Amino acid sequence: MSRASSRTERAVAWLRAGLAWWNGDAAYAAFVEHLRAHHPERPVPSKAEYHRAETERRWNGVRRCC
Amino acid sequence: MQAGERQGGARVPMLVWVAIALVGASALGGIALRRGETINSLWFIVAAVCVYALAFRFYSAFVAARVLMLDASRATPAERLNDGRDFMPTNRWIVFGHHFAAIAGPGPLIGPTLAAQFGYLPGTLWILIGGVLGGCVQDFIILFCSLRRNGRSLGQMARDELGPLGGFAALAAVMTIMIILIAVLALVVVNAMKHSPWGTFTVAMTIPIALFMGIYLRTLRPGQVMEASVIGVVLLLAAVAGGGWVDHSPTLRVLFDFDGPALAWMIIGYGFSAAVLPVWLLLAPRDYLSTFMKIGTIAALALALIVLRPDMHMPALTPFIDGTGPIFAGKLFPFVFITIACGAISGFHSLISSGTTPKLLANEADARMIGYGGMMMESFVAVMAMIAACVLDPGVYFAINSPPGVVGADPAAAVATISGWGFPVTVEQMATLAQQMGEASLFARTGGAPSLAVGMANIFARLSGDGLLALWYHFAIMFEALFILTTLDAGTRVARFMLQDLFGNFYAPLGRVSWMPGVLFSSAIVVFAWGYFLYQGVIDPLGGINSLWPLFGIANQMLAAIALCVATTVIVKSGRARYAWVTAAPLTWLVIITTSAAYAKLFDAAPRIGLLAHAADLKAKAAAGALPPPMVKQLPQLLFNDQVNAALTALFLLLTWVLVLDTARVCFRALRGLSTPPFTEVPYVQSQLAH
């Protein structure tokens, strides 16, 4: 019983992590965590600000191939 | 075997690997020796999977352990330079997804489709062998080199390890390949949309859908990428169905019915807008959509092939290995190796392997799975494209892909010519097929996209029934156009940045990416450059693919040669010259094929192969009054096109050889202990991440 429920929990956690990766939550959370840990003096951007800056930055190089 | 065993070989007993080797060998033997009417596609899937499994388990393990000496305890750039954005240790499966989505574009779908004119055997063997010994090795080693150099780009590594000449050659190669690549891909889209209101409507709708997603992500629900992507995909599917409705309406269909030149101008206009508009509005949302569709459709195709195991009708070898093929001219050697670049070895990948990917890897040891494994996946996509092309009746395949300049513009003449080659096809058969697919005609739809779409529609329709053939066909066209246009707009933008970088050396404001006149000026130059080749292809009576695709193949293989030059230099300088054959062998092969192909394109006496012979032939025909009137008017332009293409081919040849000789010089000096540009590997730092 407990083994089965822990398996379900793990599956749900895995699914959540996948979704967070897809919708950009994971990248945002990781960035905020990085800022807090390494640059506590810097302001933490909102998700919208982060997404805006990321979109600009990501397209400044070769992103797609033939 | 020792190196392999250390890499966790205990998990799968050696006996299993022997069994895989036996199954793979029999599948390959079956493919090579089968001379019946048809062959089942399962043979190809089994052979491919066994080859990849063995190559990954043994060869990539050897390269990882002996040649590169990957060290999991060494901190990666993502760990050392972690800035939370560009450099960030990321889960390896996520990096794998990013990397695969970045390397796999339309190339591995189109190349094998065109190369099927030689039969299924040469292309399939080259995809498998070239993949595991060439492409996978290149992607893996360049990723490794960049990992050990703080994520530096191929151009920077060429300059550092070889010297300024190498750096310049790499830059020039990247720039020209970008231009040719965009032109040839745009030509594929134009040919797919030509006089196809359904296709044109569906592809056109991807633009407003992307704009809507861009605004949604910017203002309505900032950053909710998944939500926006799901909405986008639903709208896309609606656009595919809506295209059918447009096609059936006599008033609406004329609004989306265009000829080649008109479509070329529209794509040129689109490319320019995409390069100057803010990325959030068009490029980024398009890319989300195209990644979604790409992964989904490729997975669906793999599943459908495994479940349905369709029979393939193309012979193992066709008579066209002698160089008389209608789709592109040129003998089996070297042109099968030029036509299939992506899927076997593609130089463009080295830009991705030295771009975003090395900045995300948390563990150096994962370079093997991501670099080598990612390319294996792409190679498998190429095998699937080959299957989809060979599932078609060969007569139908040639009728769709042969340009009117070779088989005749009139359907009756075309089927007579093609049937005369021993591939029977009738006008009625083609008319029924076109009607089933919801198209006016499928004759002379060169470029590979329509025939791949017919193949995919045939496969998918076995699951859904023939009633949905037209829907599947246009879904496949939309899917191809979607990521071709993504490559087109992203490529135009990158080329613009590179040009601005270059111009900035002469006049500083031109280098600023935010100065509008500079942006407009450099975008216009880039778009003009590929627009020129696109237009040339559209008006070419031989269909454009015949001249542009080999040019693209040569350029792409040349870039691969440059990447392998850098890789060989790094291996030699690191003191492991006895293993330099790992990159030197594929490099030698690439130099042989690019040199022979470039030589044939320049000097072959057959007008369909040799560019100079083609120009001379046109002149002679014009002097004798043997040219049809529309071609007389275009004569000066046609002659000029031949000269431009010849000059470009000569430039490719020159760049390749300059770089190869420079590599030989640097390696020789390194072996003799003479001075060379310094070895730029970043010193060892112990990783603090628990793996």
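The values are calculated or read from the model by the stated rules, or taken from the named source; none is laboratory data. Model, not experiment: these values are computed from the prediction. Please note: Cβ atoms are built from the backbone with ideal geometry, for glycine as well, and neighbour counts cover all protein chains shown. What goes into the accessible areas is simple: the full protein's heavy atoms, side chains included, and nothing from ligands, DNA or RNA. Shrake-Rupley method; radii C 1.70, N 1.55, O 1.52, S 1.80 Å.
Would a scan of segment B:354-372 turn up a residue that is among the polar types (S, T, N, Q), in contact (Cβ under 8 Å) with a residue 40 or more places away in the chain, open to solvent by less than 10 Å² (accessible area, probe 1.4 Å) and in contact with a Phe, Trp or Tyr (Cβ under 7 Å, 6 or more places away or on another chain)? Within segment B:354-372, none of the residues are among the polar types (S, T, N, Q), in contact (Cβ under 8 Å) with a residue 40 or more places away in the chain, open to solvent by less than 10 Å² (accessible area, probe 1.4 Å) and in contact with a Phe, Trp or Tyr (Cβ under 7 Å, 6 or more places away or on another chain).
Considering the conditions (1) more than 14 Å from chain A (Cβ to nearest Cβ); (2) open to solvent by less than 10 Å² (accessible area, probe 1.4 Å); (3) in a helix (DSSP H, G or I), B:Ile306 is excluded by exactly one of them, (2).
Among the residues of segment B:473-510, those identified as of a type in the set (A, V, I, L, M, F, W, C), open to solvent by 10 Å² or more (accessible area, probe 1.4 Å) and away from every other protein chain (no Cβ under 13 Å) are B:Phe475, B:Leu499, B:Leu502, B:Phe503, B:Phe506, B:Ala508, B:Leu510. Checked against (1) open to solvent by 30 Å² or more (accessible area, probe 1.4 Å); (2) closer than 22 Å to B:Leu351 by Cα, B:Leu463 passes all but condition (2). For segment B:272-291, does any single residue satisfy the condition of being more than 10 Å from chain A (Cβ to nearest Cβ), under 27 Å from the mean Cα position of the chain (by Cα) and free of Cβ contacts under 8 Å to residues at least 24 places away in the same chain? Taking every residue of segment B:272-291 in turn, at least one turns out to be more than 10 Å from chain A (Cβ to nearest Cβ), under 27 Å from the mean Cα position of the chain (by Cα) and free of Cβ contacts under 8 Å to residues at least 24 places away in the same chain.
For segment B:60-93, the set of residues classified as in contact (Cβ under 8 Å) with a residue 24 or more places away in the chain, open to solvent by 40 Å² or more (accessible area, probe 1.4 Å) and closer than 19 Å to A:Gly24 by Cβ consists of B:Asp86, B:Pro89, B:Asn91, listed by residue number. Candidates in segment B:312-351 are the residues that are aromatic (Phe, Trp, Tyr) and not in a loop (DSSP other than H, G, I, E, B); of these, the one that is nearest to B:Leu559 (Cα to Cα) is B:Phe337. Scanning segment B:274-325 for residues that are of a type in the set (S, T, N, Q) and either in contact with a strand residue (DSSP E or B) (Cβ under 8 Å, 6 or more places away or on another chain) or closer than 14 Å to A:Arg64 by Cβ (or both) turns up B:Ser290, B:Thr291. Among the conditions (1) among the β-branched types (Val, Ile, Thr); (2) within 14 Å of chain A (Cβ to nearest Cβ); (3) open to solvent by 10 Å² or more (accessible area, probe 1.4 Å), the only one that B:Ile177 does not satisfy is (3).
Any residue in segment B:541-560 that is at pLDDT 95 or above and either within 21 Å of B:Lys194 (Cβ to Cβ) or over 19 Å from the mean Cα position of the chain (by Cα) (or both)? There is no residue in segment B:541-560 that is at pLDDT 95 or above and either within 21 Å of B:Lys194 (Cβ to Cβ) or over 19 Å from the mean Cα position of the chain (by Cα) (or both).
Do we have B:Ala186 as within 14 Å of chain A (Cβ to nearest Cβ), modelled with pLDDT under 95 and within 21 Å of B:Val526 (Cα to Cα) here? It would help to see each step written out before you state the result.
Numbers: within 14 Å of chain A (Cβ to nearest Cβ): yes; modelled with pLDDT under 95: no; within 21 Å of B:Val526 (Cα to Cα): yes.
So B:Ala186 fails the test.
A count restricted to segment B:585-623 and to residues that are open to solvent by less than 50 Å² (accessible area, probe 1.4 Å) and either not aliphatic (A, V, I, L, M) or not in a helix (DSSP H, G or I) (or both) stands at 11. Scanning segment B:382-393 turns up at least one residue that is β-branched (Val, Ile, Thr) and in contact with a His (Cβ under 9 Å, 6 or more places away or on another chain).
Every residue, every condition in (1) in contact (Cβ under 8 Å) with a residue 40 or more places away in the chain; (2) among the polar types (S, T, N, Q); (3) surrounded by 15 or more Cβ atoms within 10 Å (Cβ to Cβ), yes or no:
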site	(1), (2), (3)
B:Leu648	yes, no, yes
B:Leu651	yes, no, yes
B:Leu654	no, no, no
B:Val666	yes, no, yes
B:Leu671	yes, no, no
B:Ser675	no, yes, no
B:Gln686	yes, yes, no
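Of all residues in segment B:261-284, those satisfying the criterion of being farther than 25 Å from B:Trp472 by Cβ and open to solvent by less than 10 Å² (accessible area, probe 1.4 Å) are B:Ala264, B:Gly271, B:Ala274, B:Ala275, B:Val279, B:Leu282, B:Leu283, B:Ala284.
Filter segment B:225-263 down to the residues that are within 14 Å of chain A (Cβ to nearest Cβ) and within 24 Å of B:Ala275 (Cα to Cα) and list them by number.
As a first pass, look at segment B:225-263 and keep what is within 14 Å of chain A (Cβ to nearest Cβ): B:225-233.
Of everything in segment B:225-263, those that are within 14 Å of chain A (Cβ to nearest Cβ) and within 24 Å of B:Ala275 (Cα to Cα) turn out to be B:Val225, B:Ala228, B:Ser229, B:Gly232, B:Val233.
Looking across B:Ile127, B:Ile110, one residue alone is assigned to a helix (DSSP H, G or I) and in contact with a Pro (Cβ under 9 Å, 6 or more places away or on another chain). It is B:Ile127.
Do the conditions hold for B:Leu70, that is, is it farther than 26 Å from B:Trp17 by Cβ, among the hydrophobic types (A, V, I, L, M, F, W, C) and more than 28 Å from the chain's Cα centre (by Cα)?
No.
Residues that are crowded, with 21+ Cβ neighbours inside 10 Å, over 30 Å from B:Leu42 (Cα atoms), at pLDDT 95 or above and not basic (Lys, Arg) are absent from segment B:417-437.
When residues in segment B:157-174 are screened for being within 18 Å of B:Ser522 (Cα to Cα) and surrounded by fewer than 23 Cβ atoms within 10 Å (Cβ to Cβ), 2 of them pass.
Within segment A:14-26, the set of residues being open to solvent by 30 Å² or more (accessible area, probe 1.4 Å) and either facing another protein chain (nearest Cβ under 9 Å) or in contact with a strand residue (DSSP E or B) (Cβ under 7 Å, 6 or more places away or on another chain) (or both) comprises A:Ala17, A:Leu19, A:Trp21, A:Trp22, A:Asp25, A:Ala26. Just one of the numbered conditions (1) modelled with pLDDT under 95; (2) open to solvent by less than 20 Å² (accessible area, probe 1.4 Å) is not true of B:Met631: (2).
Restricting attention to segment A:52-66, which residues are charged (D, E, K, R) and open to solvent by less than 60 Å² (accessible area, probe 1.4 Å)?
Of all residues in segment A:52-66, those charged (D, E, K, R) come to A:52, A:54, A:56-58, A:63-64.
Hits for segment A:52-66 are A:Glu54, A:Arg63, A:Arg64.
Any residue in segment B:559-572 that is surrounded by fewer than 17 Cβ atoms within 10 Å (Cβ to Cβ) and touching a helix residue (DSSP H, G or I) at 6+ places or on another chain (Cβ under 7 Å)? No, segment B:559-572 contains no residue that is surrounded by fewer than 17 Cβ atoms within 10 Å (Cβ to Cβ) and touching a helix residue (DSSP H, G or I) at 6+ places or on another chain (Cβ under 7 Å). Within segment A:42-51, can you find the residues that are more than 7 Å from chain B (Cβ to nearest Cβ) and either of a type in the set (Val, Ile, Thr) or open to solvent by 30 Å² or more (accessible area, probe 1.4 Å) (or both)? Within segment A:42-51, A:Arg42, A:Pro43, A:Val44, A:Ser46, A:Glu49 qualify. The selection criterion, being at pLDDT below 95 and not hydrophobic (A, V, I, L, M, F, W, C), does not hold for B:Arg74.
Answer yes or no: is there a residue in segment A:28-41 that is facing chain B (nearest Cβ under 8 Å), in contact with a Phe, Trp or Tyr (Cβ under 8 Å, 6 or more places away or on another chain) and either open to solvent by 40 Å² or more (accessible area, probe 1.4 Å) or more than 29 Å from B:Ala490 (Cα to Cα) (or both). Yes, some residue in segment A:28-41 is facing chain B (nearest Cβ under 8 Å), in contact with a Phe, Trp or Tyr (Cβ under 8 Å, 6 or more places away or on another chain) and either open to solvent by 40 Å² or more (accessible area, probe 1.4 Å) or more than 29 Å from B:Ala490 (Cα to Cα) (or both).
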